[in-house]
Structure formats: C-alpha cells, structure tokens
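Below: one structure, written as structure tokens.
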Amino acid sequence: MSIEQLESIAQAMVAPGKGIIAIDESNSTIKKRFDALGVDCTEENRRAYREMLLTTPGLGEHISGAILYDETIRQSTRAGVPFTKVMLDAGILPGIKVDKGPQPLAGFPGEVVTEGLDGLRERLNEYARLGAKFAKWRAVINIGEDAPSGTCIEANCHALARYAALCQEAGIVPMVEPEILMDGDHDLEACYDVTEVTLRSLFGSLYEQNVMLEGTILKASMVISGKTCVDQASTDEVAEATVRCLKAAVPALLPGIVFLSGGQSDEQATAHLNAMNQMGPHPWPLSFSYGRAMQQAALKLWAKDMQANFAAAQKTVAQRAKENGLAALGQWKKAA
C-alpha cells in the first residue's frame with residue numbers, strides 16, 4: 001500500500017466531528033467489567049455485547065473507526081455477517097489491538113515495557129487480510145518517585161516505532177499510544193514534563209525507524225493532575241497544558257491526534273476535548289479514541305437485560321458518540 005493510501009486512511013480516522021471507539025479490551029479486562037455487573041464472560045456474551053455496540057444505528061455519523069480485539073475481528077453478528085463487513089458498510093474503519101500488554105522492565109522495579117513484537121509481521125499480514133485498516137499499540141508510563149526512568153521511556157518508544165514501521169509495511173496505519181497513567185498524586189506540571197519528554201522520545205524513535213508520519217495517528221493522554229493529587233486542575237487548565245505540550249513535541253505533519261479517556265469520567269473526557277477544540281485552530285485535528293468513556297453507561301444498561309435493553313443501550317452509545325463528535329468540533333454544550 002502506498003503512503004498516499006495510508007495517508008487517506010489516517011485522515012479518514014480523524015475526519016471532522018468523528019472519532020474512534022475503543023472496544024479492544026482483552027478477555028481478562030472485559031471479564032472484570034462483566035463480573036462487576038454480574039454478566040458471565042463467555043465468548044457468546046462478549047460477541048453479543050460487541051454486536052450491540054457495532055450495530056448501533058447511525059454510529060458512523062460520529063465514529064470513524066473501532067479498535068477491535070483479536071477475538072472480535074474474527075466474529076460475526078447473530079445473522080452471520082462478519083463484524084468487519086458491518087463496520088465497513090457503516091463507513092467505520094476496522095482497527096486491531098496488536099500488542100501483548102505491559103511486562104515488568106527488567107532492572108527497573110515498578111516500570112513496564114509493552115511486548116508483542118515477536119511474530120508481529122505475520123500477525124499484521126493476517127489482520128490486513130481480515131480487513132484491518134489500522135492498528136493500535138499501547139505503552140504504559142507510570143509517574144512516581146524517580147519514575148519514569150529514561151530507560152523506560154526509551155524502551156517503550158523504541159518498541160512503538162518498530163511496531164509502527166511493521167504496520168506501514170503491511171499497509172496498516174499505526175496508532176501509537178504512549179499512555180501516561182493518571183494513577184498517583186503528581187500535579188499538572190509533573191504530568192506535563194513526563195508527557196513532553198515521552199512524546200519527544202517517541203517522535204525521535206519514529207524518525208529513526210523511517211516511519212512515515214503522514215500515515216500515523218497519535219493516541220495521546222491528556223496533561224492532567226494525578227487521581228490522588230490534592231490540587232485538581234480545572235477543565236481549562238487541562239486543555240491549555242495539553243495543547244501547549246502537544247505543540248512543543250508533536251510535528252505538524254501528523255494527520256491527527258486522538259485522546260484516550262484514561263480513567264476520566266464520561267463528561268470530563270468530553271469537556272476536556274471540547275475545551276481544547278475551542279482554543280483552536282491547531283496544527284492537527286484533535287479527536288477522541290475513548291473506551292470506557294464511550295461504553296460504560298451502555299454496558300450497565302445492556303447487562304441488566306441483554307434483550308430488553310438492547311435498543312436503549314445502543315441509544316446511549318449513539319448519544320456518547322454524538323457528544324464526543326461535537327466536542328471534536330468544539331461545539332459540545334453541557335446538558336443543563
């Protein structure tokens with residue numbers, strides 16, 4: 001696939017007023033969410049839940065793509081239509097999570113590095129055949145005492161760049177996600193510093209690995225106070241610090257940036273995105289790639305009665321998509 005084709009996929013992912021829904025939870029992660037609501041984590045229930053999300057009427061109006069898990073990209077609706085076909089028919093690009101999750105970084109207690117490069121070329125080729133247009137790899141950076149170390153940042157950014165180069169070779173747009181976790185009592189400034197250093201390292205690594213930025217999407221975490229920080233930054237402070245940080249570290253050539261919600265409440269994630277877009281114009285579109293902040297309310301409804309609440313849960317998904325789509329344009333208004 002040519003760079004022009006990769007570029008047009010990347011641009012479609014961040015089309016005005018559209019963003020990505022992340023439904024790529026591993027089986028162990030979705031089990032925790034199902035367990036909390038009393039749903040059996042069987043393959044059929046996981047399939048049924050994701051069918052509810054992906055067949056939401058009008059989803060394509062505000063959703064440009066969905067990140068799937070390995071199991072999900074191979075599944076079909078109850079009527080036997082492959083999920084990838086349902087998505088493409090609705091104008092939604094299929095994406096795939098390809099990393100194998102964070103593992104302890106040897107020699108650096110408390111720090112992790114994401115694994116999954118072994119055999120990745122073959123897996124990407126298979127995913128391309130299954131219909132994947134983009135992929136996702138998540139690195140996890142913790143802020144703590146003497147953390148993150150330069151080694152941790154470097155190791156994770158090197159892996160992200162190798163993954164990105166392999167994606168482009170397979171004709172898949174890489175979404176690179178260096179998540180700075182909200183866990184901890186660090187303040188906004190500490191988060192800003194770590195985010196900037198990480199992003200600079202990431203784009204340095206992407207450059208060294210010959211990754212074409214025109215065919216790459218950044219999935220970024222917002223510059224935000226740690227969950228247990230006494231002084232919580234306001235919506236405007238988060239928006240201002242995040243935009244300033246991105247302008248300092250992200251090349252203007254990138255087609256777009258999507259944010260992860262990372263433990264923010266549904267409304268918080270939407271409000272922060274909206275505030276950033278009201279400060280525009282920016283060098284790149286700023287949109288969303290939310291998981292929990294898109295699904296949480298719908299999952300609770302669906303879990304109560306999978307059949308009876310199917311349509312109501314879909315309405316909730318459509319509403320969250322619409323609100324975040326408006327926030328991606330800076331046009332969201334908080335409900336009175």
Separation of alpha-carbon centers, segment 257-289 and segment 114-184, rounded to whole Å: 21 Å
Simple label model, 7 Å out from Cα along Cβ direction - ALA312 to LEU37, nm: 1.2 nm
Under 21 Å from LYS100, Cα to Cα: lysines that are on another chain or at least 8 residues apart: LYS31, LYS32, LYS133, LYS136, LYS219
Built amide H within the under 5 Å cut-off of LEU93, gap 5+: GLY65, ALA66
Simple Cβ-charge dipole of segment 3-327, Lys/Arg +1 and Asp/Glu -1, about Cα centre, in debye nearest 20: 1260 debye
ILE141, ILE21 arranged by Cβ crowding within 10 Å, fewest neighbours leading: ILE141, ILE21
Directionally averaged shadow of segment 96-182, computed from the convex hull of its alpha-carbon atoms, nm²: 5.4 nm²
Kirkwood hydrodynamic radius of the chain, Cα pairs, Å: 19.9 Å
Spin-label model distance (nm) - THR29 vs ASN45, 7 Å beyond Cα toward Cβ: 1.9 nm
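Quick one: longest stretch of the chain between exposed loop trypsin sites (Lys or Arg not before Pro), exposed meaning at most 10 other C-beta atoms within 10 Å and loop per DSSP?
Numbers: sites that count: ARG78, LYS333, LYS334.
Longest site-free region, per DSSP loop and neighbour criteria: 79-332.
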Positive-pole candidate from ALA48, PRO102, ALA10, dipole of the chain, charges at beta carbon: ALA48
From phi via Karplus (6.51, -1.76, 1.60), per-residue ³J(HN,Hα) for segment 213-225 in Hz, x at Gly/Pro: 5, 4, x, 9, 10, 9, 9, 10, 8, 7, 7, 8, 5
Dipole of segment 3-327, positive direction: furthest Cα of ALA159, MET87, LEU260, with charges on the beta-carbon: MET87
Estimated 222 nm signal from helices in the chain, with DSSP H stretches of n ≥ 4 weighted -39500 (n - 2.57), rounded to 500: -14500 deg cm²/dmol
Theoretical FRET efficiency, 1/(1+(r/R0)^6), r = Cβ-Cβ of ASN210 and THR77, R0 41 Å, to 0.05: 0.55
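Sort PHE34, PHE259 so the one with the fewest other Cβ atoms within 10 Å of its own Cβ comes first.
In order of increasing Cβ crowding within 10 Å: PHE34, PHE259.
What is the order of MET212, MET182, fewest Cβ neighbours within 10 Å to most? The partial results should precede the final answer.
Values: MET212 16, MET182 20.
Lowest to highest Cβ neighbour count: MET212, MET182.
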Distance from segment 294-336 to segment 188-236 (C-alpha centre basis), Å: 27 Å
Projected label distance in nm at LYS247 and PHE108, using a 7 Å step from Cα toward the beta-carbon: 3.0 nm
Gain upon complete extension [ASP231, ASP146; 0.36 nm per residue less C-alpha separation]: 28.5 nm
Over the chain, relative contact order from alpha-carbon pairs under 8 Å, at least 6 apart, %: 20 percent
Under 5 Å, built H, 5+ apart or other chain: amide partners of ALA233: SER225
Gaussian network model of the chain, Cα within-10 Å springs - most flexible of ASN125, ASN210, ASN156: ASN210
Fluctuation leader among LEU166, LEU59, LEU253 - the chain, Gaussian network, Cα springs under 10 angstrom: LEU253
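Read-outs: derived from the displayed coordinates by stated rules, not from any lab. If you're wondering where the values come from, they're calculated on a predicted model, not measured in any experiment. Here Cβ is always computed from backbone atoms with ideal geometry, including for glycine, and neighbour counts include all displayed protein chains.
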